[in-house]
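Down below is the structure, laid out as structure tokens.
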Amino acid sequence: MDIAALLTSTGINIVICVVLFSFYSILRKQPINVNVYFGRRLASQHSKRINLCLERFLPSPSWIWKAWETSEDEIMAIGGLDGVVFVRILVFSIRVFSIAAGICIILVLPINYHGQDRIHKIIPFESLEVFTIENVKEGSKWLWAHCLALYVITLSACTLLYFEYKSITYLRLLHIIGSPPNPSHFTILVRSIPWSSEQSYCETVKNFFSHYHAPTYLSHQMIYKSGTVQKLKDDAEHMCKVIKHASVEKTCKSNFTPCCYPGFATNSFKKISSEMDSIQRKMSYNNMHLDTGEKDCAAAFVFFKSRYAALMAALVQQTSNPMLWVTDVAPEPHDVYWSNIRIPYRQLWLRKIATFVASVAFMLVFLIPVTFVQGLTQLDKLQKMLPFLTGILKEKIVNQVVTGYLPSVILVLFLYAVPPMMMFFSAVEGSISRSSRKKSACCKVLYFTIWNVFFVNVFTGSVISQLSVFSSVTDLPSQLAKAVPAQSTFFTTYVLSSGWASLACEVMQFFPLLCNIVERFILRHKEDTLNGNLSFPYHTEVPKVLLFGFLGFTCSILAPLILPFLLIYFFLAYLVYRNQIINVYITKYDSGGQFWPIAHNTTIFSLIFAQLIALGVFGLKSSSIASGFTIPLLIGTLLFHQYCRKRFLPVFKSNSAQLASDSY
């Protein structure tokens, strides 16, 4: 790929972003779209009608200034600690890649460009490989600059990570202490309650906690199976309301009947009364069956007199058999994932194994589109195996679009199927809260995207370009050192299509907008209804941001041309996501900043992987000095990570007894 193909891809994505941002600034001003672009304010009853004026139909950057001016305290009040953590991830990325772009563009890029004694073409027709470390000749004395840049990037990233981890840990402690009293603070979830033929689950729970937690035990609430019986009960309640409404109408009509027909007596009230009695008898029959022990689950919510007592009961193993009386801290009421609470505890390990196998199978199936995408990026190499592709490359503009823009777009379209599938797998695993389900899905999507977008693309690209596979596992480090710089051009175009364009699509909210159009103009609904009560999709956006960070760290000294495009993405993401948190997404529950450890671990992995790749490249380039200085950097990064795991991570694992005692 040459600079012209990259500029073609850049131009297409810039046009898409400008057009969509302009459309958004107009559509958000239309009153009929208030439920699409101001869902959070509509839910809070803070939406306001917009007067008819010419300004409604002109693009304006007012939403950008509003997103920029919003303080972190306002983000905390609107989006919770999770919203603040997500914004902090973006701020960290902007800071660290500003440093990386500065040193790599000034120091590393010129060395890469002039690394070989060759006659350079005009810049637009220059190959992108000229700007990578591949262009540096073997044994070059200038590789110390790459090692120095790697040191600066690593030290900057670790310093910023430390202060961010420390600050977010402090915010989490404030969140725990300052949160208002909540029923979940005094409640634990008990599962795998042993069955007894002599007494019901309810009596078993009461006897157990009255005996072993007598001073602090308050009461409990059994969890019932929600199946056909519960549905019949809900339908009966709905019919009861309908009949009540009908009875009022019939009673009103009967008042006028004697005036028209003297002597006529109506018995509509008696009929309604008899129907009401019949429904109430059916409801009481359903309640009787729901209250029996056969409909109980082996799970219950147990309430304690203090927050400290609930925390201790949740953390302590209740019996000598760890598979019985399993306790957890109860989620917040809006965070409870009710359909998973009634899952038998003994099934959870089988479910986790099944979802792991299904995830691996899904990753293997995804190799097909990734291989196809890599084939498009290297059409000239595939001509050796497929000669009929020669005609595709005759037109220059077709070549630039097909090799520079189309592959990343196809990959992005295939990746849209990943988050829903991973969310389904996380639900099958048996998460008891919506936040833990979303966190689990976030990790799965992150692993999936890093594997398929980076590693599979690197491996398949190397196979296509060399027309051979790796001979042995021992060749893997050296092959990665060769393949990663060669594939950096694809990663640059991927940042454009999956980064810039996806932000424009995010702010447009195409699916809710389409649903709103259907409701307004086809179904003729006039009221402002929320389209799905959207919550922030952390399981899709956090992996996307971390993937771009991974690409940035890995390619920083190998192909520094990717860094300006990444930096622009993070700036746009900072504005777009703040706007979405303020106006669109509704915060129903909060995990308490649980996404930051994921971001920290991914960043450390990115740094270590970048150092390993650099170590392999320095070895291939016969630079023993650069290789020797990279090893202490690798060890120092691992020690820093271990310190953070001991110092900060336990705060995110569980609450302390001190905080539980001092909270109220």
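Against the definition (part of a helix (DSSP H, G or I), open to solvent by less than 40 Å² (accessible area, probe 1.4 Å) and farther than 21 Å from Lys544 by Cα), how does His641 come out, yes or no? Spelling it out, His641 is indeed part of a helix (DSSP H, G or I), open to solvent by less than 40 Å² (accessible area, probe 1.4 Å) and farther than 21 Å from Lys544 by Cα. Residue count for region 577-607 under the criterion of being assigned to a helix (DSSP H, G or I), over 24 Å from Val507 (Cβ atoms) and open to solvent by less than 30 Å² (accessible area, probe 1.4 Å): the result is 9. Inside region 617-638, residues that are open to solvent by less than 70 Å² (accessible area, probe 1.4 Å) and under 28 Å from the mean Cα position of the chain (by Cα) make up a count of 1. Working only within region 334-350, note down all residues that are under 22 Å from the mean Cα position of the chain (by Cα) and open to solvent by 70 Å² or more (accessible area, probe 1.4 Å). Scanning region 334-350 gives His334, Trp338.
Take the residues of region 348-366 that are of a type in the set (Phe, Trp, Tyr) and in a helix (DSSP H, G or I): which is nearest to Phe448 (Cα to Cα)?
To start, the set of residues in region 348-366 that are of a type in the set (Phe, Trp, Tyr) comprises 349, 356, 362, 366.
Of the ones still in play, those that are also in a helix (DSSP H, G or I) are 349, 356, 362.
Working: Trp349: 21, Phe356: 12, Phe362: 9 Å.
So, considering only residues that are of a type in the set (Phe, Trp, Tyr) and in a helix (DSSP H, G or I), the one nearest to Phe448 (Cα to Cα) is Phe362.
Yes/no per residue for (1) surrounded by fewer than 15 Cβ atoms within 10 Å (Cβ to Cβ); (2) modelled with pLDDT of 85 or more; (3) among the hydroxyl-bearing types (Ser, Thr, Tyr):
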position: Ile26; (1), (2), (3): no, yes, no
position: Arg40; (1), (2), (3): no, no, no
position: Ser44; (1), (2), (3): yes, no, yes
position: Cys53; (1), (2), (3): yes, no, no
position: Trp68; (1), (2), (3): yes, yes, no
position: Gly83; (1), (2), (3): no, yes, no
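May I ask you to list the residues in region 123-160 that are charged (D, E, K, R) and open to solvent by less than 80 Å² (accessible area, probe 1.4 Å)? If the condition is that a residue be charged (D, E, K, R) and open to solvent by less than 80 Å² (accessible area, probe 1.4 Å), then Glu126, Glu134 are the ones that fit.
Restricting Leu171, Leu150 to those that are closer than 30 Å to Asp82 by Cβ, touching a residue at least 24 places away in the same chain (Cβ under 8 Å) and assigned to a helix (DSSP H, G or I) reduces the list to Leu171. For region 204-225, the criterion of a residue being charged (D, E, K, R) and not in a strand (DSSP E or B) is satisfied by at least one position.
Annotation for region 171-185: at least one member residue is open to solvent by less than 30 Å² (accessible area, probe 1.4 Å), among the polar types (S, T, N, Q) and farther than 18 Å from Thr327 by Cα. Under the condition of being over 28 Å from the mean Cα position of the chain (by Cα) and either free of Cβ contacts under 8 Å to residues at least 24 places away in the same chain or buried (at least 18 other Cβ atoms within 10 Å of the Cβ) (or both), the residues counted in region 188-199 number 8.
Listed by first and then second residue, the pairs with beta-carbon distance under 9 Å, at least 6 apart or on different chains, first residue in region 492-514 and within 16 Å of Pro543 (Cα to Cα), second among the acidic types (Asp, Glu), are Glu506/Glu541. Take region 296-322 and flag every residue that is part of a loop (DSSP other than H, G, I, E, B) and either within 16 Å of Thr204 (Cβ to Cβ) or among the acidic types (Asp, Glu) (or both). Gln318, Thr319, Asn321 - these are the residues of region 296-322 that are part of a loop (DSSP other than H, G, I, E, B) and either within 16 Å of Thr204 (Cβ to Cβ) or among the acidic types (Asp, Glu) (or both).
The values are calculated or read from the model by the stated rules, or taken from the named source; none is laboratory data. Computed from a predicted structure; not experimentally measured. Virtual Cβ from ideal backbone geometry, glycine too; neighbours counted across all protein chains shown. These accessible areas exclude ligands, DNA and RNA; they are computed on the full protein's heavy atoms, side chains included. Shrake-Rupley method; radii C 1.70, N 1.55, O 1.52, S 1.80 Å.
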